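What follows is calculated from the coordinates using simple rules that are stated; it is not laboratory data. Please read all numbers here as calculations on a predicted model, not as lab measurements. Glycine also receives a Cβ, built like all others from the backbone with ideal geometry; neighbour counts cover every protein chain displayed.
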Amino acid sequence: MLVNDVMNREVISCAPEESIVDLVKKFMRFNYHTLPVVDKECVVIGIVDYEDIMKVFTPHNPALEKLLKSTHLYNINEADIQEIDLPDDIGTTVSVADIMETDFVTIDSEEELSALRSKMKQYNVERLPVIEEGRLVGFITLFDIIVAVLKMKGLL
């Protein structure tokens, strides 16, 4: 079975210039927590999830935080999110491009499901954008694989 046989073709994506308020609204409307970020040609340029939104609540650069976490100097007690002082316009001035992950994995639509599952394990991800000729054509999740296998076995 191929990725093409199982993937969702109705892909909800976002643009890099969308605000985080628009992103949150999209997550809420579609009940998603991960979206591919595409440019005007529908080329995937990033991935954004609800954890990325938390970056706006971090008092310093995420790269610096990662470095600090590797030392004994890092305070492991996270600040109370309700106590963090945020500018009133943060929801409209911070864009998806500011928080998206640009180091991401994709899968080609003609790959076998076994290759997809291996890639998911290797990169510790449960959802991937599906591409054809460099453009987004679908999205596939671990749950999609589970449903496909159960259908194939006649259990659904």
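Residues in the stretch 125-135 carry Karplus couplings, in order, of 10, 10, 8, 9, x, 9, 10, 9, 6, x, 10 Hz; the curve used is 6.51 cos²θ - 1.76 cosθ + 1.60 with θ = phi - 60°, and Gly or Pro positions show x.
How far, in nm, would the chain grow between ARG9 and ASP103 when pulled straight, counting 0.36 nm per residue and subtracting the alpha carbon separation?
Details: separation 94, 0.36 × 94 = 33.84 nm, distance 2.29 nm.
Extra length from ARG9 to ASP103 when fully extended: 31.6 nm.
A cut-off under 11 angstrom between Cβ atoms defines the neighbours of GLU112, and their net charge, with Lys, Arg +1 and Asp, Glu -1, is -2. For the stretch 142-152, the Karplus equation 6.51 cos²θ - 1.76 cosθ + 1.60, evaluated at θ = phi - 60°, returns couplings of 4, 4, 4, 5, 4, 4, 4, 5, 5, 5, 4 Hz by residue, with Gly and Pro reported as x.
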